[in-house]
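> Can you read through this structure? Questions will come right after.
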Amino acid sequence: MASCSLLSAYSAATFFCSRTPSSEKTGQGSFMLRTKSNHPRRYGSRAGVRASLSASLKPTEIPRQWYNLVADLPVKPPPPLHPKTFQPVKPEDLSPLLPDELIKQEASLDRFIDIPDEVLDIYQLWRPTPLIRAKRLEKLLDTPARIYYKYEGVSPAGSHKPNTSVPQVWYNAQEGVKKVVTETGAGQWGSALSFACSLFGLDCEVWQVRASYDQKPYRRLMMQTWGAKVHPSPSEITEAGRKILQEDPSSPGSLGIAISEAVEVAASNADTKYCLGSVLNHVLLHQTVIGEECIKQMEAIGETPDIIIGCTGGGSNFAGLSFPFIREKLKGNIKPIIRAIEPAACPSLTKGVYAYDYGDTAGMTPLMKMHTLGHDFIPDPIHAGGLRYHGMAPLISHVYELGLMEAIAIPQIECFRGAIQFARSEGIIPAPEPTHAIAATIREALLCRESGESKVILTAMCGHGHFDLAAYEKYLQGDMVDLSFSEEKIHASLAKVPRVAAQF
């Protein structure tokens, strides 16, 4: 198979690039994908320039439907609860925050949901995204493992986040919404929402976690370039922000605090809705275009993953890659290990409790059953700002409880060490968030070197780190430290988790 440049926008975004010498042969698809649903699987062609890498390899098409894992789970996830009554939320409870179509998607049991044509038109700017074999990293590690990564950094915002920002803004625009508000950690979600709003003519207001607001000024400028108004969080603008600042004037903020501020503004303005970049079911649903493409790409080259690895904060990128593979695992078609990697300083899956908790610090959102460190837990300001969330997506938490995946936590120095190895072999500088997946991938590859196993490792590379170079500077200068969590701090936070009866 001919090699290709990672920076060739159309060929890289359209084809799998293996960097394998043309003398090597690829086999046929190693597992068949069968769908017994009444909803047919539909894929559409990508418009634009195409270049053939191999006569035997057809370009992957953009999925025309999102996949809803809830439809195939043997046990359905517990419902979200109203923050005051502790009863299951009704659609009208969410209408002040979300447009009707997203409320329907949040509770949907349909296996597949059609992607609107207008959304597909915009997806074509960067999708399909490339599946790349990391041959040079394999050589560096001297491993028999075959490492592949699904790279989402080719989007305009540089991450996977536009996969959901575009449909969220489109659905809001269809209902006449004039403005959307949100939170952002590292700024990838805020950038993606600002980008989508610029396409559909909506105003956008973003509360960025203070630690990231200070660490990543160019992410803020990126949002402002696309027309967004950006505030550091906690801020003096909202009651939730003012309360936090009174308690701690130097608060580094957290995603939970920023969510409280954005939700407060949305709930008090009739022409404004709230958009969330992770955690909720409809967000994870939109991200499944990643895994649907990847299944087709791996089938085309005759590979089946033995292990699938992704970083988790709220969980959207991990879910986007893994959920379609979990579907095939449930069918018995494949048997991969599916592993979530979280930061050691914010380990909700590995150290949190599985309980109903608020999605925000102020307790304004519905209660969701998830792995949580407590809604007022404020993680230390690690450089992976997008992973500094106190809880895990309820659907991922449920899948974890069902035993369909596993999780580990890795400290940031090991992550950045792996990122440097990756950048110097593969050429891409990863965002701090996927460095966790890279570190775990390197661990697994080195185990393969010891055992001699030729495992196929598939990892999620959810974005580039071009705006995160200050973090790399700290690592390269030896100034980075491993921030961990305080057991005492977590116990205090968990003590404030609401006590909800277990009938749900």
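> Determine the sum of side-chain charges near residue 91: Lys and Arg each +1, Asp and Glu each -1, restricted to other residues whose C-beta is under 12 angstrom from that of residue 91.
-3
> With all protein chains present, calculate the accessible area of residue 117 using a 1.4 Å probe and round the result to the nearest 10 Å².
Here the accessible area works out near 100 Å².
> Another question, if that's okay. Amide H neighbours of residue 409 under 5 Å, at least 5 residues apart or on other chains, H built in the peptide plane: list them.
342
> Something else now. Just to confirm, what accessible area per residue do you get for the range 208-342 at 1.4 Å probe, in whole Å²?
For the range 208-342, the per-residue accessible area is 30 Å².
> Here's something else I'd like to know. Using θ = phi - 60° and the Karplus relation 6.51 cos²θ - 1.76 cosθ + 1.60, list the HN-Hα couplings for the range 344-349 in order, rounded to whole Hz, with x at every Gly or Pro.
Along the range 344-349, the couplings run 5, 7, 8, x, 5, 6 Hz.
> Could you give the nm distance between label points at residue 117 and residue 495, where each point is 7 Å from its Cα heading toward the beta carbon?
6.0 nm
> Taking a ≥ b ≥ c as the square roots of the eigenvalues of the Cα gyration tensor of the range 398-504, is the shape rounded (a/c under 1.5), prolate (a/b larger than b/c) or oblate?
Verdict is oblate for the range 398-504.
> Moving on. Give me the net charge of residue 311's neighbourhood, meaning all other residues with Cβ under 9 Å from the Cβ of residue 311; Lys, Arg count +1, Asp, Glu -1.
-2
> Amide H to amide H, which residues 5 or more places from residue 390 or on other chains are under 5 Å from it, using H placed in the peptide plane?
Placed amide hydrogens put 256 under 5 Å from residue 390.
> Of 139/335; 216/489; 329/455; 104/351; 90/161; 335/496, which ones are farther than 29 Å apart at the Cα?
From the list (139/335; 216/489; 329/455; 104/351; 90/161; 335/496), the Cα-Cα distance tops 29 Å for 104/351; 335/496.
> Please state the shape class of the range 216-291: rounded when a/c is under 1.5, otherwise prolate if a/b exceeds b/c and oblate if not, all from the C-alpha gyration tensor.
Taking the square roots of the gyration eigenvalues as a ≥ b ≥ c, the range 216-291 is prolate.
> For residue 229 paired with residue 473, estimate the spin-label separation in nm (one decimal), with each label point 7 Å from Cα along the Cα-to-Cβ line.
Taking the simple label geometry, residue 229 and residue 473 are separated by 3.1 nm.
> I would also like to ask the following. Give a residue-ordered list of calculated ³J(HN,Hα) values for the range 463-468 (Karplus: 6.51 cos²θ - 1.76 cosθ + 1.60, θ = phi - 60°; whole Hz; x for Gly, Pro).
Values, residue by residue: x, 8, x, 5, 9, 10 Hz.
> When the chain is fully extended, how far beyond the present Cα-Cα distance does residue 488 get from residue 136, taking 0.36 nm per residue of separation?
Separation in residues times 0.36 nm, less the Cα-Cα distance, equals 122.4 nm.
> For the pairs 179/369; 150/474; 76/369, note any where the Cα-Cα span goes beyond 20 Å.
Those over the limit are 179/369; 150/474.
> Any idea of residue 90's accessible area? Nearest 10 Å², probe 1.4 Å.
The accessible area comes out at roughly 120 Å².
> Also, I was wondering about something else. What part of the accessible area of the range 216-278, given as a whole %, is carbon or sulfur when the probe is 1.4 angstrom?
51 percent
> Tell me, what is the FRET efficiency for residue 124 and residue 333 to the nearest 0.05, using R0 = 30 angstrom and their Cβ-Cβ distance as r?
Efficiency, from the Cβ-Cβ distance: 0.55.
> Residue 455: net charge of surrounding residues, Cβ under 9 Å, Lys/Arg +1, Asp/Glu -1, itself excluded?
-2
> Which percent of the accessible heavy-atom area of the range 85-153 goes to carbon and sulfur, probe 1.4 angstrom?
C and S fraction of accessible area: 50 percent.
> With r as the distance between the Cβ atoms of residue 466 and residue 248 and R0 = 25 Å, compute the FRET efficiency 1/(1 + (r/R0)^6) and round to 0.05.
The formula returns an efficiency of 0.20 here.
The values are calculated or read from the model by the stated rules, or taken from the named source; none is laboratory data. Everything quoted here is computed from the prediction, not taken from an experiment. Methodologically, a virtual Cβ is constructed for each residue, glycine included, from the backbone with ideal geometry; neighbour enumeration extends over all protein chains shown. Protein only, heavy atoms only, side chains kept; ligands, DNA and RNA dropped before computing areas. Shrake-Rupley method; radii C 1.70, N 1.55, O 1.52, S 1.80 Å.
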